[in-house]
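Every read-out reported here was derived from the displayed coordinates using simple, explicitly stated rules and does not represent laboratory data. Since the model is a prediction, treat every value here as computed from it, not as a measurement.
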Amino acid sequence: MTHMHSPIIPRKFYQIVFLIAGVYNITWGLYSSIQPQWFFHVARMEPMRHPEIFATLGMIVGLYGVLYLAVARSLDRGWLIVAVGLAGKILGPIGMAFLVLSGDWPVRAVILILTNDLIWWIPFGLYLYDYWPQDERRAIDPDNLQ
């Protein structure tokens with residue numbers, strides 16, 4: 001892959017970030033699948049009537065962890081996985097904001113997005129800046145459309 005610029009951050013940093021992200025997501029996902037009411041207890045919310053929904057979320061988060069481990073192994077090919085992951089880490093807090101602002105969920109539930117989403121914005125964003133393929137940048141550049 002050809003970069004348009006020199007990476008801002010050393011490769012080792014990104015490898016560590018995605019190793020941590022992978023282990024974190026797999027651990028969070030497994031625990032949430034096994035104990036789907038944990039978050040509602042921590043946030044002092046009424047338990048879910050259908051905990052299998054949260055267990056399914058745990059499964060999806062855990063699978064993202066496997067993908068982040070793959071990114072850690074092959075940084076040059078992980079940009080699409082990270083772009084989709086970052087999109088989810090942006091959309092999740094937007095959804096949480098709607099739940100809190102509507103009064104459906106208490107403010108204390110925001111703890112969920114701190115560790116699952118917000119802390120990853122900067123390293124995922126920097127990675128995308130450093131590893132987005134040059135050909136893809138050209139393909140989405142409006143000045144380059146023929």
Taking region 79-124 and dividing mean pair separation by its residue count, relative contact order in percent (alpha carbons under 8 Å, at least six apart)
56 percent
Taking P(r) over Cα pairs in 10 Å bins from 0, in percent straight from the coordinates, which label in (1) 11, 35, 29, 17, 7, 1; (2) 9, 30, 23, 23, 13, 2; (3) 10, 39, 36, 14, 1 is the correct one?
(1)
List the DSSP H helices in the chain whose Cα atoms stretch 30 Å or more along the helix axis and whose mean Kyte-Doolittle hydropathy is at least 0.5.
11-34, 52-73, 79-101
Give the relative contact order (percent, whole number) for the chain; include only Cα pairs under 8 Å separated by 6+ residues.
32 percent
Give me the extension gain from LEU126 to VAL107: residue separation times 0.36 nm, minus the current Cα-Cα distance, reported in nm with one decimal.
3.9 nm
Under the 0.36 nm per residue contour assumption, what length would be gained going from the current alpha-carbon distance of PHE13 and ARG77 to full extension?
21.4 nm
